[in-house]
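The next block holds one structure in the form of structure tokens; read it before the comments.
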Amino acid sequence: PPVGLKVDMNTFVLAAEQRSLERLVDRELNLGGPRRYRPAGPFVVAYCSDLLNITPAGSIAELDFGFWVPVLSGGAEGMPERLLTYTPYLWVDNSPAVVGGRSVFGYPKHQGRLRCPKDEGDEALFRVVTWVTRIQGQAAEDLPLLEIRRRDDVVWGKTREPGSLGWAAH
């Protein structure tokens with residue numbers, strides 16, 4: 001793209017319900033034609049990126065959090081040919097990122113208040129707060145939608161116990 005990027009990114013593999021992912025992929029991607037998509041497994045990847053978009057005209061900082069759903073793509077016979085990612089949900093922290101991402105790249109960007117920890121002394125919380133409707137037909141509220149916290153049993157980036165990933169998503 002015509003934009004230079006400086007990116008710091010954290011990714012988190014999260015368990016997901018296989019059947020829910022299949023319904024999402026069928027509803028959003030399998031819309032007819034010979035190509036079929038299916039989830040690669042019962043997991044998604046949450047990502048939290050802190051980026052600086054750089055152009056000759058200037059630069060703009062952006063926090064960009066979302067989910068990747070790994071999918072297998074194949075023909076009607078069902079044999080997978082490629083591993084791809086689908087991004088059904090994506091939040092950014094400023095309106096130029098919403099407009100540019102939607103109009104230029106077609107990303108499903110929505111605006112929210114995002115928080116990204118900056119160093120080891122930080123409270124280590126990735127967070128998305130945005131407008132949501134809890135029950136259809138009711139008023140939207142500005143609520144926390146996603147939180148990923150450092151667990152107490154880890155040091156930043158290093159686990160204290162075998163098998164611990166060090167983060168918990170809510």
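The values are calculated or read from the model by the stated rules, or taken from the named source; none is laboratory data. The model shown is predicted, which means the values in this text are computed figures rather than measured ones. Cβ: placed from backbone, ideal geometry, glycine included. Neighbour counts: every protein chain shown. These area figures cover heavy atoms from the full protein model, side chains too; ligands, DNA and RNA do not enter into them. Shrake-Rupley method; radii C 1.70, N 1.55, O 1.52, S 1.80 Å.
At a 10 angstrom cut-off on C-beta neighbours, averaged per residue, how do the peptides 142-148, 51-57 rank from highest to lowest? List each step's numbers first, then the result.
Details: 142-148: 15.3, 51-57: 12.4.
Output ranking for 142-148, 51-57: 142-148, 51-57.
Fully extended, how many nm does the chain gain between Leu84 and Leu52 (0.36 nm per residue separation, minus their Cα-Cα distance)?
The Leu84-Leu52 span can extend by a further 9.0 nm.
Segment 1-142: Rg/Rh from Cα coordinates, Kirkwood Rh?
1.01
How much length would be gained if the chain were fully extended between Arg23 and Ala61, taking 0.36 nm per residue of separation minus their Cα-Cα distance, in nm to one decimal?
Extra length from Arg23 to Ala61 when fully extended: 10.2 nm.
Please report the net charge: other residues with Cβ closer than 15 Å to the Cβ of Glu81, K and R +1, D and E -1.
Here the charged neighbours net out to +3.
Just to confirm, what accessible area per residue do you get for segment 1-148 at 1.4 Å probe, in whole Å²?
Roughly 60 Å² per residue, with all protein chains present.
Counting only residues 5 or more places away or on other chains, whose amide H sits under 5 Å from the amide H of Gln111 once H atoms are built in the peptide plane?
Distant-sequence amide H within range of Gln111: Val92.
For Leu145, enumerate residues with amide H under 5 Å from its amide H, sequence gap 5+ or separate chain, H modeled in the peptide plane.
Correct list: Val128, Val129, Thr130.
For Phe43, list long-range residues whose amide hydrogen, built 1.01 Å from N in the peptide plane, is under 5 Å from its own amide hydrogen.
Ala16
Once the piece of chain linking Glu141 and Phe43 is laid out straight, how much longer is it, given 0.36 nm per residue of separation minus the C-alpha distance between them?
Numbers: separation 98, 0.36 × 98 = 35.28 nm, distance 2.84 nm.
Stretched fully, the Glu141-Phe43 segment lengthens by 32.4 nm.
Please turn the phi angles of segment 83-99 into ³J(HN,Hα) values with the Karplus equation 6.51 cos²θ - 1.76 cosθ + 1.60 (θ = phi - 60°), one per residue in order, whole Hz, x for glycine and proline.
So the J values, rounded to whole Hz, are 9, 10, 10, 10, 10, x, 9, 7, 10, 10, 9, 8, 5, x, 5, 4, 5.
Taking the Cβ of Trp91 as the center, what net charge do the other residues with Cβ under 15 Å away carry, scoring Lys and Arg +1 and Asp and Glu -1?
After counting each charged neighbour, the total is -1.
Could you run the Debye sum over the Cα atoms of segment 12-52, one equal point scatterer each and no solvent, and tell me log10 of I(q)/I(0) at q = 0.19, 0.27, 0.28 Å⁻¹, two decimals?
Log10 of I(q)/I(0), two decimals: -0.64, -0.90, -0.93.
How high is the FRET efficiency between Ala15 and Arg134 when r is their beta carbon distance and R₀ equals 30 Å, given to the nearest 0.05?
So, using R0 = 30 Å, E works out to roughly 0.80.
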